[in-house]
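Below: the structure, in C-alpha cells.
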Amino acid sequence: MKERGSRTRSTLGLAGFLLVFVATLGAQAEPPSSKLPGRKPDAKEPWGAFLGKAAHEAIGIDYRVQHPTNAVFLDTVNLYTIVGKGELGDPERLPKLVRLLRPDITDTRALVLFEIKPDNEEGRQEGREQAGRYLAALNEAVEPDKKLAGGTGFEGSLFLEFENGGALWQLSWRTPEPGVTLYRWSYRRKKPHASWKERAAQKAEELPREEVEQRGELAEQAIRGAYGGGKRPKGFQGQVYLPVDCR
C-alpha cells in the first residue's frame with residue numbers, strides 16, 4: 001500500500017511538472033515570423049522554426065537509416081502510441097496529460113531517446129529538460145526491464161551544393177550528452193572549379209539570412225528527396241551529399 005501511494009504521488013508530481021511544460025510551449029508558439037519562399041502568399045513561419053523543421057526531419061530520417069532493423073518513432077508519434085506499438089508496457093498507465101507528447105526520436109529496441117535542439121547553450125538546456133521529462137513519463141509506464149535512457153554517440157553531417165558550384169550549406173549534429181542532439185547550419189562561400197569536398201574544408205560561416213530566404217524551401221525538399229530516393233525538386237540544380245558520402 002505504501003509503494004502504491006508513493007507511485008501515485010510520483011505520477012501526480014510528473015503530471016503537474018509536465019502541465020507547466022506544455023503551457024510554456026504553448027506560450028512560445030508564436031514567435032516573430034517571416035514569409036517563406038514557395039509558400040502561399042499569406043503563409044508565415046519563423047525562420048528559425050523553418051530551418052529547425054528541416055533539421056529535425058533530416059536527423060530523424062538519418063537515425064532510421066543508421067538503425068534499419070530497430071523500431072524507431074519520430075516526432076509525429078506520441079507517447080501513448082510509442083508505449084503500445086513499441087511493446088514497452090501498458091500505455092494506459094501514462095497520465096492522460098502526457099499521452100500526446102512527442103519525443104523527437106525514440107528507439108524502442110535500443111531503449112533510447114533523443115531530443116533535437118539548436119547547437120547553443122539555451123538549446124542544450126532545453127533539450128536536457130525535455131529529454132528528462134519524456135524519459136520520466138515513459139519510465140513510469142514501461143515494464144521494469146524496458147526502462148529507457150538518453151541516447152549517446154549519434155552524430156553526422158550532410159551537405160547541400162546549389163547550382164553545381166554555387167553556395168554550399170552544411171547541416172551537422174552531435175550528441176554531447178545523453179539524450180540531447182544539437183544541430184547547426186553553416187555555409188561555405190562560392191569557389192569556382194572546386195569540388196564540394198574542397199569547399200567543405202573552407203572555413204564555416206553563419207548561414208546568411210538571404211540564403212535562407214532564397215533557398216530555404218528548396219533545401220528541405222532536396223533533403224527529403226535525397227533520403228527518399230525521389231526526384232529532385234523543381235529548380236534544384238545541385239546535389240545533396242548525405243552522411244554516408246561525408247564519412
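Among the residues of the range 190-220, those that are under 21 Å from the mean Cα position of the chain (by Cα), over 14 Å from residue 161 (Cβ atoms) and in contact (Cβ under 8 Å) with a residue 24 or more places away in the chain comprise 207, 212, 216, 217, 220.
Let's see how each residue does on (1) modelled with pLDDT under 95; (2) open to solvent by 60 Å² or more (accessible area, probe 1.4 Å); (3) in a helix (DSSP H, G or I); (4) not β-branched (Val, Ile, Thr):
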site	(1), (2), (3), (4)
125	no, yes, yes, yes
128	no, yes, yes, yes
131	no, no, yes, yes
135	no, no, yes, yes
140	yes, no, yes, yes
145	no, yes, yes, yes
154	no, no, no, yes
160	yes, no, no, yes
164	yes, yes, no, yes
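Total residues in the range 201-224 satisfying the condition of being over 20 Å from residue 62 (Cα atoms) and not in a strand (DSSP E or B): the figure is 13.
Take the residues in the range 182-225 that are open to solvent by 40 Å² or more (accessible area, probe 1.4 Å) and in contact with a strand residue (DSSP E or B) (Cβ under 6 Å, 6 or more places away or on another chain); name whichever of them is farthest from residue 115 (Cα to Cα).
Once the filter is applied, the top-ranked residue is 202.
Applying the set (1) of a type in the set (Gly, Ala, Ser); (2) over 20 Å from residue 64 (Cα atoms); (3) touching a residue at least 60 places away in the same chain (Cβ under 8 Å) to residue 132 leaves exactly one unmet item: (3). Give me a count of the residues in the range 85-106 that are touching an Asp or Glu at 6+ places or on another chain (Cβ under 8 Å), closer than 28 Å to residue 227 by Cα and surrounded by fewer than 22 Cβ atoms within 10 Å (Cβ to Cβ). Total meeting the criteria: 1. Scanning the range 173-200 for residues that are touching a Ser or Thr at 6+ places or on another chain (Cβ under 7 Å) and assigned to a loop (DSSP other than H, G, I, E, B) turns up just one, 178. Which one is least open to solvent (accessible area, probe 1.4 Å) among residues in the range 57-84 that are among the aromatic types (Phe, Trp, Tyr) and assigned to a helix (DSSP H, G or I)? Selected residue: 63.
The values are calculated or read from the model by the stated rules, or taken from the named source; none is laboratory data. Predicted model only: the values in this text are computed from it and were never measured. Using ideal geometry, Cβ is built from the backbone for each residue, glycine included, and neighbour counts are taken over all protein chains shown. Side chains included, ligands, DNA and RNA excluded: accessible areas come from the protein's heavy atoms. Shrake-Rupley method; radii C 1.70, N 1.55, O 1.52, S 1.80 Å.
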